[in-house]
Amino acid sequence: MHASIKIAAIQMVSRISPEINMQHAHKLISQAAEQGAKIILLPEYWSILGRRDTDKLAYAEEAGVGPLQDFMSNLAREFGVWLIGGTIPLVSAEAGKVLNTLLAYDTQGHQVARYDKMHLFGFTRGDESYDESRTITAGNDVIVLETPQARIGLAICYDLRFPELFRAMQVCDLIVMPAAFTYTTGRAHWEVLLRARAIENQCYVLAAAQGGEHENGRRTWGHSMLVDPWGEVQSELADGEGFIIGDLDPAKLNEVRVSLPALEHRKLTFSA
């Protein structure tokens, strides 16, 4: 990397209808591209948050084929951006389940990376309960996207709590985090975890969240943000639909890594 590049995270309050969600995503990506964003991130479950966890099975696509994948490919090409497509459901080999998959597209609309969510969220407190393993098959592979502008580590939501995943990515310029954190867990842990991942990996972290009250009754935390390698929040959107935009500055990366060469001081190393 040589020059700063503008990066953006889209925040949504996704609905039950993929068609409506596509309309909202198109509008927000268009606006971010107009402001100069060259890398744009969508949130987890941007295409559908159904009334039941099983609703997404009806919209699961085969890899490489389907309206959701066509939509993301066309948007990347239309606006000439690297589009990191949050997550969509892809067909799983397990009956009654899908893969929760992040797909990335280059400026020509070619799919250039795929990451299947590795860690599946489970949480129970009082009347609030989630278990993604009931409808999602976990992925196994650590994926890093190489672009001309940056080396980008791909992760999704609950992955944020597992620092060993990010160590396995080796040194990245940027980690992306599409998410749909619950209001409860987000209020308690979201910002501190994002800042921790930025600080310990000495890289930028770009998080695109779901943020608000959804048709299905779920409440998500929002607070999409860009965190720099020193752990400072550069941009944040508390709730509602919109986007954040900021600079990925290689000079800032270098300054942090030279002044505090923690990555060079590691004694334990991990590989994917």
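No lab work stands behind these numbers, since they all come straight from the coordinates. It should be emphasised that the depicted structure is a prediction, and the values quoted were computed from it without experimental measurement. Methodologically, a virtual Cβ is constructed for each residue, glycine included, from the backbone with ideal geometry; neighbour enumeration extends over all protein chains shown.
Positive end of the dipole of the range 5-262 (Cβ unit charges, origin at the Cα centre): among H189, W221, S92, the Cα lying farthest that way belongs to H189. Between helix 67-79 and the chain there is an angle of about 40 degrees, using the helix long axis and the longest principal axis of the Cα atoms.
The charge dipole of the range 211-251, taken about the Cα centre with unit charges on the Cβ atoms of Lys, Arg (+1) and Asp, Glu (-1), comes to about 220 debye, rounded to the nearest 20.
Note down the net charge around I245, summing +1 for each Lys or Arg and -1 for each Asp or Glu among other residues with Cβ under 11 Å from its Cβ.
On the way: positive: K6, K38; negative: E34, D247.
Spelling it out: positives minus negatives among the neighbours equals 0.
Net charge in the neighbourhood of G231 (other residues with Cβ under 11 Å of its Cβ; Lys, Arg +1, Asp, Glu -1) is -2. By the rule of a C-alpha distance below 16 Å, with chain neighbours fewer than 8 residues away ignored, the aspartates and glutamates paired with K267 are E164, E200. The calculated pair-distance distribution of the range 1-121 uses every alpha carbon pair, bins of 10 angstrom beginning at 0, and gives 14, 47, 30, 8, 1 percent. Applying the Karplus relation 6.51 cos²θ - 1.76 cosθ + 1.60 with θ = phi - 60° to the range 169-184 yields 3J(HN,Hα) values of 6, 6, 8, 10, 7, 8, 10, 9, 9, x, 8, 9, 4, 5, 4, 5 Hz, where x marks Gly and Pro. Of all aspartates and glutamates in the structure, the ones whose alpha carbon falls short of 12 Å from that of K27, not counting any fewer than 8 places away in one chain, are E241. Placing +1 on the Cβ of every Lys and Arg and -1 on the Cβ of every Asp and Glu, with no other charges, gives the chain a dipole of roughly 340 debye about its Cα centre. With an a/c value of 1.5 or above and a/b not larger than b/c for the gyration tensor axes a ≥ b ≥ c computed over the alpha-carbon atoms, the range 52-185 is described as oblate. Ordering N201, A104, S133 by the projection of their Cα atoms onto the charge dipole of the chain, which places +1 on the Cβ of Lys and Arg and -1 on the Cβ of Asp and Glu, puts N201 at the extreme positive end.
Computed from the alpha carbon atoms alone, the convex hull of the chain holds 116 Å³ per residue.
Under a Cβ-Cβ cut-off of 14 Å, what is the net charge of the residues other than H189 that fall near it, where Lys and Arg count +1 and Asp and Glu count -1? With Lys, Arg at +1 and Asp, Glu at -1, the neighbours total +3. The long axis of helix 250-259 is offset from the longest Cα principal axis of the chain by roughly 60 degrees. Helical runs (DSSP H, four residues minimum) scored at -39500 (n - 2.57) apiece and divided by the length of the chain put the mean residue ellipticity at 222 nm at -6500 deg cm²/dmol.
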